[in-house]
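Working notes for the structure below.
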Amino acid sequence: MADRETWATRLGFILASVGSAVGLGNIWRFPYQTAEFGGAAFLVVYLIAVLIIGLPAILAEFVIGRRAGLSAIDAFDELGFPGWRAVGALGVFAGFWTLSYYSVVGGWVFRYIIGSLTGAYLSAPGEYFGAVSAGPEAIAFHAVFMAVTVGIVAFGIRGGIERATRVMVPSIVVLLVGLAVYAFTLPGSGAGYEYFLQPDFSVIAANYQAVIPAAVGQALFSLSVGFSVMITYASYIGDDEDMFVDSGAIAVTNTFVGIAAGLVVFPLLAVQGGNYGSAGPGAIFVSVPTALSEVPFGAAVGFVFFLIVAVAALSSAISLLEVVVSHLVDTYGFERKRTTLLLGSAIFLLGVPSARDTAWLTWFDNIGVNLLVPATVLLVVFFVGWVLAGDAVEEIQAGTETFESLGPVWLWSVRTLVLLAVLGTLALSVFELTGAPL
Ligand code: PHE
């Protein structure tokens with residue numbers, strides 16, 4: 001234990017966690033889910049979900065990770081509850097599962113960076129997306145994305161992940177804000193803001209069985225909760241760390257980036273005729289280039305945009321891979337570099353169906369976000385609230401003076417409100433997926 005790595009600095013930990021949270025979930029998934037599930041009304045449910053489920057659940061994962069000081073599965077043994085290892089394992093599995101298609105979308109992004117150099121996607125964006133999103137080219141770029149991810153993770157948390165995210169996160173924020181300002185100047189963008197920011201609640205009333213699980217799933221996915229990522233990352237931090245402040249910083253930054261992405265994408269969609277609902281997973285890849293083809297310096301703006309997305313995607317992908325790797329390194333003493341390479345190859349193979357056909361990609365995404373993740377979060381929340389209970393409060397109070405009194409309040413909400421909310425979401429998802437009427 002004594003020679004286990006820790007983060008070089010506290011900021012390093014926060015940036016790496018933010019780097020994990022901020023990714024394709026914010027920039028690719030959030031806008032298209034928002035478009036699919038009713039615009040601003042979805043945004044409202046999403047924000048509520050971040051606040052009442054996401055934040056307390058991040059804290060629950062932090063508590064497990066820091067108290068145990070071990071990666072996600074062994075953490076449960078260390079805490080004295082070996083029977084709960086399965087919960088950590090489920091999260092690790094969710095990470096393995098998710099990275100397989102995440103990397104495919106990451107590959108699309110790499111393809112679009114290259115496409116920007118020649119402006120290739122500007123003349124016929126729909127056809128371009130169709131050609132590169134599935135098939136041999138998609139498989140090749142999926143391989144490249146996985147290879148880069150493996151390369152970073154192989155160097156370990158301090159040399160690889162921490163150093164990378166230190167540069168990544170600030171540049172993402174700066175560049176997205178720049179693009180949002182650019183989008184604001186386009187004529188006809190107003191309708192986009194209206195769709196994104198003026199809620200029409202009848203949308204929720206009419207379709208709550210689908211909207212609520214989608215919004216909660218998006219909130220968890222976007223915050224990287226339910227994948228044992230935050231357990232693993234927090235296992236590298238010290239007792240003097242204020243986890244309330246950290247989780248707040250992560251949630252605020254993550255939400256900010258998602259909204260900033262919306263403020264780029266929706267005005268662009270509006271410029272293009274406002275076909276929000278039918279956008280699907282190709283949303284940013286078709287609509288953004290279409291809009292860009294009508295404005296000056298479109299390819300240059302596209303280059304910057306996809307570069308940001310690639311950076312954000314990588315800093316999330318490395319966290320997904322790190323969880324699986326650190327489990328094998330910690331538990332079995334495997335050699336890090338070789339383990340990383342082997343796992344990366346396995347995940348690549350699992351992603352091949354998604355790279356051949358986007359229908360598989362949405363299927364993997366659906367199972368992961370709507371089933372695996374809420375199930376894991378439900379168990380994590382139950383474990384922390386009812387099994388660790390008092391110990392959890394003690395753990396969360398260590399390192400904070402300002403928020404000490406919040407400890408019991410947090411525990412109470414985890415045991416009741418958060419637990420019920422996740423349970424309800426999962427039930428809706430199951431009914432939704434099995435087609436049972438509710
Ligand atoms: N939160 C990341 C995103 O929004 C995805 C992710 C999920 C990363 C789970 C790590 C763990 O893109």
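Please treat every number below as a calculation from the coordinates, not as lab data. Predicted model, so just to flag it, every value in this text is computed and none were measured. Heads up, the Cβs are rebuilt from the backbone with ideal geometry, glycines too, and the neighbour counts pull from every protein chain shown.
Sorting the Cα pairs of the chain by distance into bins of 10 Å, from 0 upward, gives 5, 23, 33, 26, 11, 2, 0 percent per bin. Spin-label point model (7 Å from Cα, Cβ direction): what's the LEU51 to SER171 distance in nm? Between LEU51 and SER171, the simple spin-label model gives 3.5 nm.
Compared with the direct C-alpha span, the chain from GLU404 to PHE155 gains 86.0 nm at full extension, assuming 0.36 nm per residue.
For ALA140, what is the net charge nearby, where nearby means another residue's Cβ is under 14 Å from its Cβ and Lys, Arg count +1, Asp, Glu -1? Walk me through the numbers before you get to the answer.
Values: positive: ARG111, ARG356; negative: GLU137.
Neighbour charge sum, excluding ALA140 itself: +1.
Order of SER224, SER116, SER171, SER247 from fewest to most other C-beta atoms within 10 Å?
Values: SER224 31, SER116 23, SER171 13, SER247 26.
Starting with the residue having the fewest Cβ neighbours, the order is SER171, SER116, SER247, SER224.
Note on ALA89 and ALA147: their simple-model spin labels are 3.4 nm apart, each label 7 Å out from Cα toward Cβ. Dividing the mean sequence gap of close Cα pairs (under 8 Å, 6+ apart) by how many residues the range 178-328 holds gives a relative contact order of 37 percent. If you take all other residues with their beta carbon under 15 Å from the beta carbon of PRO125, and give Lys and Arg +1 and Asp and Glu -1, the sum is -1.
Loop by DSSP (not H, G, I, E, B), at most 12 other beta-carbon atoms within 10 Å: where is the longest site-free stretch of the chain for GluC sites (Glu not before Pro)? Show your work: numbers first, answer last.
Working: sites that count: GLU5, GLU335, GLU401.
Value returned for the longest uninterrupted segment is 6-334.
With contacts defined as alpha carbon pairs under 8 Å and 6 or more residues apart, what's the relative contact order of the chain in percent? The normalised contact order for the chain reaches 35 percent. Using a simple spin-label model with pseudo-atoms 7 Å out from Cα toward Cβ, TRP363 and ALA206 lie 3.0 nm apart. Using 0.36 nm per residue and subtracting the Cα-Cα separation, the extra length available between ALA389 and GLU194 on full extension is 65.8 nm.
Mind checking the full-extension length gain between PHE334 and GLU137? Use 0.36 nm per residue of separation minus the Cα-Cα distance, one decimal, nm.
Working: separation 197, 0.36 × 197 = 70.92 nm, distance 3.32 nm.
Once the chain is fully extended between PHE334 and GLU137, it gains 67.6 nm.
Which value results for Rg/Rh of the range 193-341 when Rg is the Cα radius of gyration and Rh the Kirkwood radius based on the inverse mean 1/r? Present the calculation step by step, with values, prior to reporting the outcome.
Working: Rg = 19.5 Å, Rh = 18.6 Å.
Rounded to two decimals, Rg over Rh is 1.05.
Restriction of the chymotrypsin sites (Phe, Trp or Tyr not before Pro) in the range 236-333 to DSSP coil positions whose beta-carbon has at most 15 other beta-carbons within 10 angstrom yields PHE297.
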